[in-house]
Every structure is written in C-alpha cells, then in structure tokens.
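Accompanying notes for the structure given below.
The values are calculated or read from the model by the stated rules, or taken from the named source; none is laboratory data. Note that this is a predicted model, so its numbers are computed, not measured. Cβ coordinates were reconstructed from backbone atoms using ideal geometry, including for glycine residues, and neighbour counts include every protein chain displayed.
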Amino acid sequence: MVIGDAGAVQAALKINWAEMPTYNTIMAVAAGAGLLLVAGLWRKLSTPGGELHAEGWALAFGVLGTILTLTGLHMTLTWPLAAGGFPFDNIIFGEPSLAFGVLLLFAGGYLWRRGRLVEEHPERERHLAGLAGPVSVFVFGMGLACWGIAAAGVWYQLFAAPKEEPISGLFADHPMVEAVFVSLLYFLVGLGAVLFPFALGGRRAALGKVIVWAWAISGALFLLFGALNYFTHIGLIVNTM
C-alpha cells in the first residue's frame, strides 16, 4: 500500500453555500457600468457646447450607486462575509464598491437638483472642478487603495478560480493568469483615480484623456467579466453543492 499516491483521486470540492454568500457578480456589472458612465460624462463635459441631459446621468448614477452602496456596505460591515473563507473579499470587493457607490449617489443627487446649472454654466469644467476638488482627496486615496489591491492580487496570487468553476476553472493550475487580469483592472481604476485631482478643470487635457481611457477600458472589462460570472458562479454552485 502506497501512502499519498500521486495518482489518488482527490475528493470533489464541496462548499456550504449557506456560509458563502456571493454577489460580486452584480457588483462587478454595476461597477463596470459606473466606470463607463463616469468616463463618458467626463468626455462630454470636456466637449464645449455639448448637451448634457443631466437628469439621465443622475438617474443612471442613482441606480448604480444604490446597488453598489447597499452591497458594498453589507460586505464591508459583515466580517467575514463568507464564513467559509476568503475574508479578504470584504476589503477587495466590499470597500471599493461602497466608496464608488456613495460617490455615484452624491454625484447623481447633485445632477438631479443642479443639472440645469451645470448645463448652462459658461465655464462648466471650471465650475465642476471647484465642486469636485474637496472630494478628489478621497478619490485619490481610493486610487492608491486600488493599487494596493492590485499589488496584493499579484503578490498573493488571489482571484484564481477552482477547477469546479466553468471557464475560469480552466486556469486553476495557472493562478497568475486570473491574478494578473483582475489586478490589471484594479490598477487601471486606480490610475484614473490617482490622476483625477490633477486633471480637474481641464488644466491638463492629456491627463483627462488618460483617465477616460483607463476607466473606459477597466469599466468595459469589469462589466463583461461580471456578466460572464453569472454563468461561471452558477456553475460553481451547481458543481460544489
């Protein structure tokens, strides 16, 4: 009899899903959509004479901000959210979602009440720079936090899916693949946030373009990845019940 035979069949992974609430699917979709919209609004505001339709942006920010605030707040305050493991998810997904959600809610509320003023202001970039200047300190800090998450993702090889998860599980033996992919998304989000205070008011147009592209690319990928996870996470639950 050989102890620890390498050819022994491993026991199938079983997860007690009652202790593993997982809803970073809708968080990823909402965060991706939010980043795309913020990038789009930045581009529209930097285009002289373009119509804004502030109420539409306010509604969109309100919807996404509500989702991200509620889910992010619950994940942030419930420690650990998943008693079965992965307590770092509270930090990686919960706290950035909460921060982004609250920012979207307040931005949406302002546009809902004062959107017409923004539309008609002769120097609306300068006007909004004065409004966003104080909160840009927090945006800058969360940008650094996103870089910290990106570094931790690569350093500790986080985000790798188990073999039981469809599609993503194909890279289970190569954890750096998903670690680098997700960490790159956080790096791009952080890049836009770190540059945000220095590009307000159109003072540095080149920085504004970098922000738009960083948030547009990361937003599109977060949205698509979150949508894909609706299939992969359902498959993981079915395969591990």
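Residue by residue, here is whether (1) β-branched (Val, Ile, Thr); (2) surrounded by 18 or more Cβ atoms within 10 Å (Cβ to Cβ); (3) in contact with a helix residue (DSSP H, G or I) (Cβ under 8 Å, 6 or more places away or on another chain) holds:
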site: Leu68; (1), (2), (3): no, yes, yes
site: Gly109; (1), (2), (3): no, no, yes
site: Ala132; (1), (2), (3): no, no, yes
site: Ile167; (1), (2), (3): yes, no, yes
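Considering the stretch 28-55 alone, what residues qualify as being within 14 Å of the chain's Cα centre (by Cα) and either more than 21 Å from Phe93 (Cα to Cα) or hydrophobic (A, V, I, L, M, F, W, C) (or both)?
Pass one, the stretch 28-55, residues within 14 Å of the chain's Cα centre (by Cα): 28-39.
Result: Ala28, Val29, Ala30, Ala31, Ala33, Leu35, Leu36, Leu37, Val38, Ala39.
Inspect the stretch 111-126 for any residue being under 24 Å from Leu185 (Cβ atoms), assigned to a loop (DSSP other than H, G, I, E, B) and modelled with pLDDT under 95 and give the result as yes or no.
Quick first cut of the stretch 111-126, residues under 24 Å from Leu185 (Cβ atoms) only: none.
Looking through the stretch 111-126, none of the residues is under 24 Å from Leu185 (Cβ atoms), assigned to a loop (DSSP other than H, G, I, E, B) and modelled with pLDDT under 95.
Against the conditions (1) touching a residue at least 12 places away in the same chain (Cβ under 8 Å); (2) out of contact with any Leu (no Cβ under 7 Å at 6 or more places or on another chain); (3) assigned to a helix (DSSP H, G or I), where does Ala58 fall short? Just the number, please.
(2)
All but one of (1) over 15 Å from the mean Cα position of the chain (by Cα); (2) surrounded by fewer than 19 Cβ atoms within 10 Å (Cβ to Cβ) hold for Ala58; which doesn't?
The single condition Ala58 does not satisfy is (2).
Of everything in the stretch 146-205, what is acidic (Asp, Glu) and either touching a residue at least 24 places away in the same chain (Cβ under 8 Å) or on the phi > 0 side of the Ramachandran plot (or both)? Give them in sequence order.
So the first thing to find is which residues in the stretch 146-205 are acidic (Asp, Glu), and the list is 164-165, 173, 178.
Of everything in the stretch 146-205, those that are acidic (Asp, Glu) and either touching a residue at least 24 places away in the same chain (Cβ under 8 Å) or on the phi > 0 side of the Ramachandran plot (or both) turn out to be Glu164, Glu165.
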